[in-house]
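The values are calculated or read from the model by the stated rules, or taken from the named source; none is laboratory data. Not measured: the values here are computed from a predicted model. Virtual Cβ from ideal backbone geometry, glycine too; neighbours counted across all protein chains shown. Protein only, heavy atoms only, side chains kept; ligands, DNA and RNA dropped before computing areas. Shrake-Rupley method; radii C 1.70, N 1.55, O 1.52, S 1.80 Å.
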Amino acid sequence: MDIKESMREILKAESNAILQIPVTDGYERAVDLIVEHVHNRGGKLVTSGMGKAGQIAMNIATTFCSTGTPAVNLHPSEAQHGDLGVIQPDDLLLLISNSGKTREIVELISLARELYDTPLPIIVITGDENSVLAREADVVLPTGGAPEVCPLGMTPTTSTTVMTVIGDILVVNVMKRTGFTRAEYAKRHHGGYLGQVSRS
């Protein structure tokens, strides 16, 4: 198979995976929680994931920040060495794990719940909605569990694409719910082409 044919297969597989993301009421609940805790109570969204999922969690956090929803990414291993202190009482967690059983993420839930008397809400993005992590969540956003396009079936490829799209769904709908404007975007994005365009 040549690269062009491989490219067509990958594009088809990943496009189909996106279209198979389960459309559930969980998105409404997730947006409600983000708006309530961040925009109404003054907390922030704390995202976390391990490995490739952690990179997606970081991307989601920075996209939320640039669109008016304060967010930070917390590395789950560093959380056990003091970074857990970034979590405050009105925050909520967005945790990402394709398997739903990533040890560091499961442990992060236990650690975060010991911080304050009132448990922090937890939103989970996972490929296994019956996993340990899903059972601990207030809201589960399943990816659909499509197979990876990696020829080994192991490297996070399709799964991270889908996770990114789910993050975009959350960001866009929070923007709509809060009425985030171009003028507000310009206040947060001064540099580069986007900064120039947002102020024009």
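Here is how the numbers come out for the structure above:
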{"item": "Test result for residue 177, modelled with pLDDT of 95 or more and surrounded by fewer than 16 Cβ atoms within 10 Å (Cβ to Cβ)", "result": "yes"}
{"item": "Residues (polar (S, T, N, Q) and either under 16 Å from residue 176 (Cβ atoms) or outside any helix (DSSP H, G or I) (or both)) located in the stretch 41-58", "result": "47, 48"}
{"item": "Residues of the stretch 69-114 classified as more than 17 Å from residue 37 (Cα to Cα), open to solvent by less than 70 Å² (accessible area, probe 1.4 Å) and in contact (Cβ under 8 Å) with a residue 12 or more places away in the chain, total", "result": "18"}
{"item": "Top-ranked residue of the stretch 9-52 - restricted to ones that are open to solvent by 100 Å² or more (accessible area, probe 1.4 Å) and polar (S, T, N, Q), ranked as farthest from residue 125 (Cα to Cα)", "result": "40"}
{"item": "Complete set of residues in the stretch 115-133 that are buried (at least 20 other Cβ atoms within 10 Å of the Cβ) and closer than 20 Å to residue 79 by Cα", "result": "120, 121, 122, 123, 124, 125, 133"}
{"item": "Residue within the stretch 86-94 that is over 26 Å from residue 178 (Cβ atoms) and among the charged types (D, E, K, R) present", "result": "no"}
